[in-house]
Every structure is written in C-alpha cells, then in structure tokens.
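The next block holds one structure in the form of structure tokens; read it before the comments.
The values are calculated or read from the model by the stated rules, or taken from the named source; none is laboratory data. What you see is a predicted model, and the numbers here were worked out from it, not measured in a lab. A quick note on method: Cβ atoms are made from the backbone with ideal geometry, for glycine too, and the neighbour counts reach across all protein chains shown.
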There are 2 protein chains.
Amino acid sequence: MDDERRPDLAAMMVPLGRILMAAEEPVLRAHDLTMWAYAVLYALDDRPLRNQSALAQSIGADKTRIIGVLDGLQERGLIRREPDPADRRAHLVSLTPEGRRLRDAAQAAIQEREDRLLARLPENERRAFLRALRTLHAVPRDEILGDL
Amino acid sequence: MDDERRPDLAAMMVPLGRILMAAEEPVLRAHDLTMWAYAVLYALDDRPLRNQSALAQSIGADKTRIIGVLDGLQERGLIRREPDPADRRAHLVSLTPEGRRLRDAAQAAIQEREDRLLARLPENERRAFLRALRTLHAVPRDEILGDL
C-alpha cells in the first residue's frame, strides 16, 4: 500500500512550474522581454488574431495589465493592433514579422534549456511525458474542475 | 520541423498546476483546511520533524505567514510544536495522530480527483508520466536553475 502512494500531482507540478518560470527569466531579459510580454507573443503565435479581452484571459492577466504590455510591444513594432471589422469596439492583435522573429528566438532559447532538464529522462519516458502533458493541458479548465 | 514543435513546458505546467490547485479548494474546504494548512500537513508527512523556518521554506511561504497557520493547526490538535533539544532557539513540528488522519483523508480525496484526470491517459503513458514527474520534481531547484 505504502509503495503505491504517490505525491499529489499539484504538489509536484506547481513547484516545478515555478522553477521553470524562474529559469525563463534570464532568457527573457536577454531578449528584452518581460514574462507578460513573452506570454502575449507566445499566445499570439498559436492564434494569429485575437481580441484584447480574449488575449488577456488566455494568459491569465487582467485587462488593465495587458493594455500596458500591448502598448509596449506595439511601440517596439512587435505587434499590430487593428479595429476588428466584425466588431468596431474590439481590437484584433497580431504579430509583426519582427515580433515573430523575436518570439521564435526567445522560445528556442527557453526550450533548449527545458530540453536539458528533460534529458534526465529516458527517451521513451520523455516522449510519453510530453505527450501526456499535452493531452492534460488540452483539457478545458471547466471540464477538469467539473470532472474533478 | 513544425511537426516537432512543442509548447513550452512551463506554458503547459503552470496553468495545469493552477487548475489542479483550484480543484483542491472545495476538497480542502470540506476538510476545514486552507491551502497553507494542507501544505503544512502535507510537508510534515514526508519528514515528521522539521524546524519552522525549514518548513516555511519547503512550502514556499514566508515565516510570518506560516506562524499563524501553525498556531491554528496546533489549537485544533493537528500538530505539535516542541523546542528542538539540539537547538533551543528552534522548534520541531510534527503531526499528531489526529493531524495525520485528517491529512490522509484530505489527500485521499484530492488524489481521487486527480486520478479521474489521469484516467484520460492510456495506462502506460500514465505510469510513465507519473514516473517522469517524480524524477523531475526530485531535481533540486538550484541544480535546475544552474543547469538550465
């Protein structure tokens, strides 16, 4: 029985996530990006055009905070904001080519570091781990909370 | 190339960790425990006797915050605090039998929910995922940060 006992998932995942975020900090600084700025560039890569509120929600920021981040990115020519033709009160946000280059460079450096950590796992286990993490990450939040 | 692209580890693990913590909230409330109180009981289970500062550090709380939590747990008879015979300025903290029972009950309920999420993974992948997570979680923070 005691052999089968495992640590709580949350108790393993939360501190590990925090360490991985701390490990990103020097990389982001080297690319002149804050964590929030990177979160925006990261979110935009998946889905090129988003309205501002959806973007804020998807990165877990409140709308007030994200507006300053978007202003800074736009001044640096990394993103573009345009009125949404379908809804004039909303804005669509997209990466500029320069924004995509910076994002790709920062992400490559981050993942290179993450890969060094993952290299501690045997090849098969590493693949299974990443596959499982993608599956679990793709489960909608409400479904997990309802289910659990 | 694009096929091989994966999301950032941190970008998967941090939101998933937050959802798992949110899922714990109703369970903890049902056991009349706050997140910090559970974190203390959880940490004590692994290593029965700890001094207060080490305990605060291990759960990522500052010492000021943890003292109130420990007071509350002690009043409820869930933990015991005694002067450390090896160092009179320090206190050793341990679970009472009642504290261990409550901790075990809360943990069982939390893990039952987590298992429902893990059930979305094929059996082999689930095992590999948990094994990998334990391995990565056991790597000391400084080693990860230095390495990465």
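I need every pair where a residue in segment A:14-33 that is in contact (Cβ under 8 Å) with a residue 40 or more places away in the chain has its Cβ under 9 Å from the Cβ of a residue that is assigned to a loop (DSSP other than H, G, I, E, B) and surrounded by fewer than 16 Cβ atoms within 10 Å (Cβ to Cβ), sequence separation at least 6 or different chains.
A:28/A:34
Collect the residues in segment A:69-107 that are part of a helix (DSSP H, G or I) and either surrounded by 18 or more Cβ atoms within 10 Å (Cβ to Cβ) or not assigned by TED's automatic domain parsing to the domain that holds residue A:29 (or both), keeping them in residue-number order. Explain how you work it out, then say what you get.
First pass over segment A:69-107, keeping only residues part of a helix (DSSP H, G or I): A:69-75, A:97-107.
Hits for segment A:69-107 are A:69, A:70, A:73, A:99, A:102, A:103, A:106, A:107.
What's the total number of residues in segment B:108-123 that are assigned to a helix (DSSP H, G or I), more than 7 Å from every other protein chain (Cβ to nearest Cβ) and free of Cβ contacts under 8 Å to residues at least 24 places away in the same chain?
Our first condition is that a residue be assigned to a helix (DSSP H, G or I); within segment B:108-123, this holds for B:108-118, B:123.
Those still in the list that are more than 7 Å from every other protein chain (Cβ to nearest Cβ) too: B:108-109, B:112, B:115, B:118, B:123.
Filter again for free of Cβ contacts under 8 Å to residues at least 24 places away in the same chain, leaving B:108, B:112, B:115, B:118, B:123.
Qualifying residue count for the region: 5.
Residue A:22: surrounded by fewer than 13 Cβ atoms within 10 Å (Cβ to Cβ), of a type outside the set (D, E, K, R) and closer than 29 Å to residue A:132 by Cα, yes or no?
Answer is no for this residue.
Quickly run through segment A:108-130 and pick out the residues that are surrounded by 14 or more Cβ atoms within 10 Å (Cβ to Cβ) and touching an Asp or Glu at 6+ places or on another chain (Cβ under 6 Å).
A:110, A:128
Does residue A:33 fit the bill of being buried (at least 18 other Cβ atoms within 10 Å of the Cβ), outside any helix (DSSP H, G or I) and touching a helix residue (DSSP H, G or I) at 6+ places or on another chain (Cβ under 8 Å)?
Yes.
Which of (1) within 7 Å of chain A (Cβ to nearest Cβ); (2) touching a Lys or Arg at 6+ places or on another chain (Cβ under 6 Å); (3) hydrophobic (A, V, I, L, M, F, W, C) is the odd one out, the single condition residue B:132 does not satisfy?
Only one criterion is unmet by residue B:132, namely (2).
Yes/no per residue for (1) closer than 25 Å to residue B:146 by Cβ; (2) modelled with pLDDT of 95 or more; (3) over 16 Å from the mean Cα position of the chain (by Cα):
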{"site": "A:35", "(1), (2), (3)": "yes, no, no"}
{"site": "A:40", "(1), (2), (3)": "no, no, no"}
{"site": "A:43", "(1), (2), (3)": "no, no, no"}
{"site": "A:47", "(1), (2), (3)": "no, no, no"}
{"site": "A:51", "(1), (2), (3)": "no, no, yes"}
{"site": "A:54", "(1), (2), (3)": "no, no, no"}
{"site": "A:59", "(1), (2), (3)": "no, no, no"}
{"site": "A:62", "(1), (2), (3)": "no, no, no"}
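What is the residue count in segment B:79-99 for residues that are in contact (Cβ under 8 Å) with a residue 40 or more places away in the chain and touching a helix residue (DSSP H, G or I) at 6+ places or on another chain (Cβ under 7 Å)?
5
Go through segment A:36-64 residue by residue and tally those that are surrounded by fewer than 16 Cβ atoms within 10 Å (Cβ to Cβ), among the hydrophobic types (A, V, I, L, M, F, W, C) and either assigned by TED's automatic domain parsing to the domain that holds residue A:144 or outside any helix (DSSP H, G or I) (or both).
Going through segment A:36-64 one residue at a time, the tally reaches 1.
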